[in-house]
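The values are calculated or read from the model by the stated rules, or taken from the named source; none is laboratory data. This structure is a prediction, so every number in the text was calculated from the model and none was measured. Cβ sites come from the backbone with ideal geometry, for glycine too, and all protein chains shown count toward neighbours.
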Amino acid sequence: MERIETVVISILSSGLVSSGLTWYLKSRELSDQRRWELKREACLEALEIIDARFADYDWCKSGVPSKVDIQDAISTAKIRSCVNRLVVACKSAEVPKLFKKCLNLEVSGEDLLPLNMDVVVDLRSAIRKELGFGKEVDADRKNAWITFINWRRPKP
């Protein structure tokens, strides 16, 4: 009888341990998945903000202003929120650093260097790495950002 009790207790306790371990691993997986989703959302928002920033910048090629399709401005509060989410969610400091570089922030009181459009290639690559998507896919620095589309019809 004692053996049966030992076997039953062993089965029940191993089931409890197994259930507890399964619960722990599943909750950890969900936590990691949620963190990845937060990071992804912040990274995609950063790219949207950079698109709006680049659309507002006075681009010139050989001293001639470039034609740029305009976009709505993004509020400073939204940009700050995006920076905060990048800093909190990203494991590497590279994405927030490149995001700020793309914004061409003036924080030191020094003269700003002209914004270079191809810096967005570095930001995209850092985001791909941060999200675990692998190596750089689009390294085209000459056409790093689309300034203007020559639509045949007027835009609304």
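Among the residues of the stretch 57-76 satisfying the criterion of being touching a residue at least 40 places away in the same chain (Cβ under 8 Å) and under 18 Å from residue 112 (Cβ atoms), which is farthest from the chain's Cα centre (by Cα)?
First, pick out the residues of the stretch 57-76 that are touching a residue at least 40 places away in the same chain (Cβ under 8 Å): 57, 59, 66-69.
Subsequent filtering for residues that are under 18 Å from residue 112 (Cβ atoms) retains 57, 59.
Working: 57: 22, 59: 25 Å.
Step by step, filter the stretch 57-76, then rank; the result is 59.
Is there a residue being farther than 22 Å from residue 79 by Cα and at pLDDT 65 or above anywhere in the stretch 35-47?
no
Just to verify a result, which residue in the stretch 92-109, among those that are at pLDDT below 90 and of a type in the set (A, V, I, L, M, F, W, C), is farthest from residue 130 (Cα to Cα)?
Top of the filtered list is 107.
How many of the residues in the stretch 70-85 are part of a loop (DSSP other than H, G, I, E, B) and exposed (fewer than 12 other Cβ atoms within 10 Å of the Cβ)? If you could, list the steps in order and put the result at the bottom.
Residues of the stretch 70-85 that are part of a loop (DSSP other than H, G, I, E, B), as a first pass: 70-75.
Restricting the remaining residues to those that are exposed (fewer than 12 other Cβ atoms within 10 Å of the Cβ) gives 70, 72-73, 75.
Qualifying residue count for the region: 4.
Every residue in the stretch 38-69 that is part of a helix (DSSP H, G or I) and among the aromatic types (Phe, Trp, Tyr), please.
Hit for the stretch 38-69 is 54, nothing else.
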